[in-house]
1. Taking the options 191, 253, name whichever one is under 30 Å from residue 108 (Cα atoms) and open to solvent by 40 Å² or more (accessible area, probe 1.4 Å).
2. Determine if the range 31-47 includes at least one residue that is at pLDDT below 90 and assigned to a loop (DSSP other than H, G, I, E, B).
3. For the list (1) surrounded by 15 or more Cβ atoms within 10 Å (Cβ to Cβ); (2) part of a helix (DSSP H, G or I); (3) at pLDDT below 90; (4) under 19 Å from the mean Cα position of the chain (by Cα), I need the number of the one condition that residue 97 fails.
4. Is it fair to say residue 26 is assigned to a helix (DSSP H, G or I), farther than 30 Å from residue 231 by Cβ, at pLDDT 85 or above and open to solvent by less than 40 Å² (accessible area, probe 1.4 Å)?
5. What are the residues in the range 149-199 that are among the small types (Gly, Ala, Ser) and in contact with a Phe, Trp or Tyr (Cβ under 6 Å, 6 or more places away or on another chain), if any?
6. Looking at the range 194-216, which of its residues are of a type outside the set (A, V, I, L, M), surrounded by 15 or more Cβ atoms within 10 Å (Cβ to Cβ) and modelled with pLDDT under 95?
7. Taking only the range 164-215 into account, find how many residues are outside any loop (DSSP other than H, G, I, E, B) and within 30 Å of residue 254 (Cβ to Cβ).
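The values are calculated or read from the model by the stated rules, or taken from the named source; none is laboratory data. In this text, all values refer to a predicted model and were calculated from it rather than measured experimentally. Please note: Cβ atoms are built from the backbone with ideal geometry, for glycine as well, and neighbour counts cover all protein chains shown. The accessibility values were calculated without ligands, DNA or RNA, using every heavy atom of the protein model including side chains. Shrake-Rupley method; radii C 1.70, N 1.55, O 1.52, S 1.80 Å.
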Amino acid sequence: MSRRARVTPTEAGLPDGGARRRTPGLRREEVAVLSGVGVSWYQWLEQGRDITVSPQVLDSVGRVLKLSSAERRHLYVLAGLNPPALEVAPADRDMCQGLKRLIDAWMPFPAHIMDVYWNTVLYNDAAALVLGMRPEIVQNCLIAFFTDPVYRARSKHWAEIACNVVAQYRAAYSEWPDDEGFRAVIEEARELSAEFAELWDQRDIRPGGQMRKELEHPVVGTLFVESTQLRVLARPDLSIVLHTPVPSTDTAERLEWLTSPEGRRGAMYPIAG
């Protein structure tokens, strides 16, 4: 009812009714007509009665009431249906500068941002120095994992991590099974890496979360970090990956030095483990 009250007849393409309209917003019968459903049925829907509701009808009602993506998902939940994927609201599309400040503030620890396909969006200086992220490689985290010799040489347990990486990508793909963008990444990864193709065919699935990594850096030696993947609720198309030093190791001190002016000079040329 509150969403109905905020939509004016003019916004819905109806005459506003002038002084004859006692309350602001749309009447129940107007929403019903615009949504293509019966007036009684729509009234029952507002009252939360036990009626059969289809996603198509909810989408139609959502369009008439001009619901946001978050409100549309909430409507699905209220109706007892699986909610659709959250879309980026127009007001939240320009968040990248704030997210860049976030990962820059994570220095001297590596951090990067990737989109729903795991394409690289942003990364901080520590990610370049430690993980080997750089402009000249394929800007997709999945493909780069299997094709970048720098990262592969530094990862001491690459084969073990590879199983988790592929399982996490399948979990991400399962949320968008008909998306051509995912299919394009998977096809390219198959062409470039037989190892990826073999792991993908195993159909393992694991949600993105936390993963421990042991990296052998050519300048500062062994680094122990925990990689944590975080979803950005207002930007469901983006994830932040933060790398945190494992406690009881000297990784934090090594990263502090590596990102210092002296450490940067030492890391400028070595690329192999």
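1. Details: 191 fails: under 30 Å from residue 108 (Cα atoms).
Every option except 253 fails the conditions.
2. no
3. Every listed condition holds for residue 97 apart from (1).
4. no
5. Across the range 149-199, the qualifying residues are 181, 189, 193.
6. 206, 208, listed by residue number.
7. At the first step, the residues of the range 164-215 found to be outside any loop (DSSP other than H, G, I, E, B) are 164-174, 180-192, 194-200, 210-215.
Next cut, within 30 Å of residue 254 (Cβ to Cβ) only: 164-169, 195, 210-215.
So the count comes out to 13.
Residues checked against (1) touching a His at 6+ places or on another chain (Cβ under 8 Å); (2) without any contact (Cβ under 8 Å) to a residue 24 or more places away in the chain; (3) more than 25 Å from residue 100 (Cα to Cα):
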| site | (1), (2), (3) |
| --- | --- |
| 216 | no, no, yes |
| 221 | no, no, yes |
| 225 | yes, no, no |
| 239 | no, no, no |
| 246 | no, no, no |
| 253 | no, yes, no |
